[in-house]
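In what follows, a single structure is set out as structure tokens and then discussed.
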Amino acid sequence: MRPERLVVDPTACTAHGMCAELFPEWIQLDDWGYPMIDSGDVPPDLRDHAERAVKMCPALALKLRRGS
Amino acid sequence: MRHRLLAGLPSPHPIGLATHLELHGPSPLLGRGGGDALIAELEAAGLRGCGGAGFPAAAKWRAVAGRRRPVIVVNAAEGEPMSAKDRVLMTQVPHLVLDGALLAAQALGARDCVIAAPAGVHAPIRSALRERRAAARPAVRIKVEASPHGYVGGEESALLSHLEGRAPLPRLKPPFPAERGLNGRPTLVQNAETLAHVALIARHGAAWFRDGGSGGIPGTALVSISGAVRAPGVYEIPAGTPLPDVLDIAGGRLQQVRALLVGGYFGGWVGGAGEGLSFDDASLQSAGVSAGAGVLVALGAADCPVAETAALTAWLADESAGQCGPCVYGLGALADLLGRIAGGRTERGDGARLTRWTEMVRGRGACRHPDGVARMISTAGRVFATELSEHARRGPCAACGRARLLLTPRAREAATA
Ligand SMILES: Cc1cc2nc3c(=O)[nH]c(=O)nc-3n(C[C@H](O)[C@H](O)[C@H](O)COP(=O)(O)O)c2cc1C
Ligand code: SF4
Ligand code: SF4
């Protein structure tokens, strides 16, 4: 499987903060409640965490994107 | 050094087609393979975008080349209030920009071109287009459209949204305009000055262009100089000119210069008159700034750098397109914080907060607006460290009450020889 990065569309994100709760290894909230995401490739063993965060985001703002 | 882009100026009228051809000769027709050859020439010339980001032009053209039904968009929006170079080009030497746009259209196989410019400069563009139609049947459909108002409206994806009839809001990239731009078509968005350079490189070649420039920013550049200088205006300078000498080109200093804002509002501060620095990429980067849109504002020793920085941050926060949380809340928080520092109303931890938030907003928006503001603030923190901590402790200084230097109308528009 090709490496993928987790990215947020800041124009869609509504700062629910759900993602940071589901995937704290990769996502932290900034001082205003918006997610700061590790820009590296998501390692295979954390892949399902990333997928769950994508699926659960109420604003559909998270995406896994191929290539760096 | 002789003017290249501004050859023939100052002139009481816009340079017409006949004079344009006398000054520069005809624009070459690109035959088979001519497009690729021109792109290679732009690469050899080292031409970089003059709209602010400084992206290599050749790479942008290659990203569009070979795609179906491409469009050329001339970005003459010039949302940067201290910049007047695109206005000078469009109103005084419109044929140079048109040549560049038509060369791009030929090279990339585009049949459509849109010129996005403030409504105030449409008349000279339209009259230049009429002169061309009278001379030959046009091979490219050229439309002139009003560019959006506001600072962020000149950002390429915001500009494209506006041209599609929607609100001028930036979009998240990728997809880049080269992949999916105007109405979904592959689009080359290029600044007006970048295209004017293309017009001359196509005629004279990369070696000619580099002659008189430095390795980083080859050739000449248009700079909009304002602030504490005798003759503010738009000037064409050889790249690599020492920054203090650039002020002399604008008539010299009116008073001792405390700092220069380089690039634009999204640019950065350097101390003094930029002693030891020159107008080229490597030199400017060593000071944490870049040529940006070619803006230079000289802050006089009588102006308050803290009040200027605070007011500028508040203005930029206000110009946020309001779509991205980190931009809306982050820039808002930074503006409040700098306002408190300027007024001497600081709380414990504000110094650390300034650094933390400046770092926190970088790269967090759909466009680079927060990154530009962060750069301006972080360079201010370095160059004005003493004044910032003095204001934080003692409150406003004597100069705080003066009229703001920044946020006043743009650099005088006259092109000066
Ligand atoms: C907030 C913001 C505002 C911008 N405003 C302008 C502008 O007014 N004019 C311009 O040419 N480019 C502007 N740009 C840069 C454009 O997005 C784009 O990079 C440029 O038009 C590409 O042309 P160039 O490569 O020839 O510079 C802006 C970018 C940002 C992030
Ligand atoms: S869950 Fe979605 S909307 Fe909520 S903070 Fe994360 S990305 Fe933003
Ligand atoms: S980063 Fe700011 S200016 Fe850019 S799109 Fe987002 S809200 Fe608008």
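The values are calculated or read from the model by the stated rules, or taken from the named source; none is laboratory data. It should be emphasised that the depicted structure is a prediction, and the values quoted were computed from it without experimental measurement. We place every Cβ from the backbone using ideal geometry, glycine too, and count neighbours over all the protein chains shown. Ligands, DNA and RNA are excluded from the accessible area calculation, which covers all protein heavy atoms including side chains. Shrake-Rupley method; radii C 1.70, N 1.55, O 1.52, S 1.80 Å.
Return the residues of the stretch B:160-208 that are of a type outside the set (D, E, K, R), within 14 Å of another protein chain (Cβ to nearest Cβ), without any contact (Cβ under 8 Å) to a residue 40 or more places away in the chain and part of a loop (DSSP other than H, G, I, E, B); say none if nothing qualifies. Outline the logic, then answer.
Going residue by residue through the stretch B:160-208, those that are of a type outside the set (D, E, K, R) are B:160-163, B:165, B:167-170, B:172, B:174-178, B:181-184, B:186-192, B:194-202, B:204-208.
Right, trim to within 14 Å of another protein chain (Cβ to nearest Cβ) and you get B:161, B:167-170, B:172, B:174-176.
From what is left, the residues that are without any contact (Cβ under 8 Å) to a residue 40 or more places away in the chain are B:161, B:167, B:174-175.
Result: B:Ala167, B:Pro174, B:Pro175.
Could you pull out the residue among B:Asp280, B:Asp318 that is touching a residue at least 60 places away in the same chain (Cβ under 8 Å) and either within 16 Å of ligand 2 (Cβ to nearest atom) or of a type outside the set (Gly, Ala, Ser) (or both)? Walk me through how you get there before you give the answer.
Values: B:Asp318 fails: touching a residue at least 60 places away in the same chain (Cβ under 8 Å).
Residue meeting the stated conditions: B:Asp280.
Tally up the residues in the stretch B:336-356 that are among the polar types (S, T, N, Q) and open to solvent by less than 70 Å² (accessible area, probe 1.4 Å), please.
Total meeting the criteria: 1.
It is to be established whether one or more residues within the stretch A:19-38 are open to solvent by 70 Å² or more (accessible area, probe 1.4 Å), of a type in the set (A, V, I, L, M, F, W, C) and out of contact with any strand residue (DSSP E or B) (no Cβ under 7 Å at 6 or more places or on another chain).
no
Looking at B:Gly263, is it under 30 Å from B:Tyr329 (Cα atoms), touching a Cys at 6+ places or on another chain (Cβ under 9 Å), open to solvent by less than 20 Å² (accessible area, probe 1.4 Å) and not basic (Lys, Arg)?
no
Kindly indicate whether A:Val7 is more than 29 Å from B:Gly332 (Cα to Cα), under 11 Å from the mean Cα position of the chain (by Cα), more than 16 Å from ligand 1 (Cβ to nearest atom) and surrounded by 15 or more Cβ atoms within 10 Å (Cβ to Cβ).
When the stated conditions are applied, A:Val7 does not pass them.
Among all residue pairs at least 6 apart or on different chains, which show Cβ distances below 7 Å where the first residue, located in the stretch A:43-60, is within 14 Å of chain B (Cβ to nearest Cβ) and among the hydroxyl-bearing types (Ser, Thr, Tyr) and the second is assigned to a loop (DSSP other than H, G, I, E, B) and within 13 Å of ligand 2 (Cβ to nearest atom)?
none
Determine which single condition B:Phe266 fails, assuming it passes every other condition in (1) at pLDDT 95 or above; (2) part of a loop (DSSP other than H, G, I, E, B).
(1)
Since A:Gln28 meets every condition but one in (1) among the polar types (S, T, N, Q); (2) touching a Leu at 6+ places or on another chain (Cβ under 9 Å); (3) within 14 Å of ligand 2 (Cβ to nearest atom), which condition does it not meet?
(2)
Could you grab me the full set of residues in the stretch B:357-393 that are open to solvent by less than 20 Å² (accessible area, probe 1.4 Å), away from ligand 3 (no atom under 14 Å from the Cβ) and not in a loop (DSSP other than H, G, I, E, B)?
Within the stretch B:357-393, B:Thr358, B:Met376, B:Ile377, B:Thr379, B:Ala380, B:His391 meet the criteria.
Kindly indicate which of B:Ala352, B:Ala335, B:Ala310, B:Ala314 is under 23 Å from B:Arg258 (Cα atoms), within 14 Å of chain A (Cβ to nearest Cβ) and in a helix (DSSP H, G or I).
B:Ala335
How many of the residues in the stretch B:286-307 are in contact (Cβ under 8 Å) with a residue 12 or more places away in the chain and part of a helix (DSSP H, G or I)?
3
Got a number for residues in the stretch B:35-66 being away from ligand 1 (no atom under 13 Å from the Cβ) and surrounded by fewer than 16 Cβ atoms within 10 Å (Cβ to Cβ)?
4
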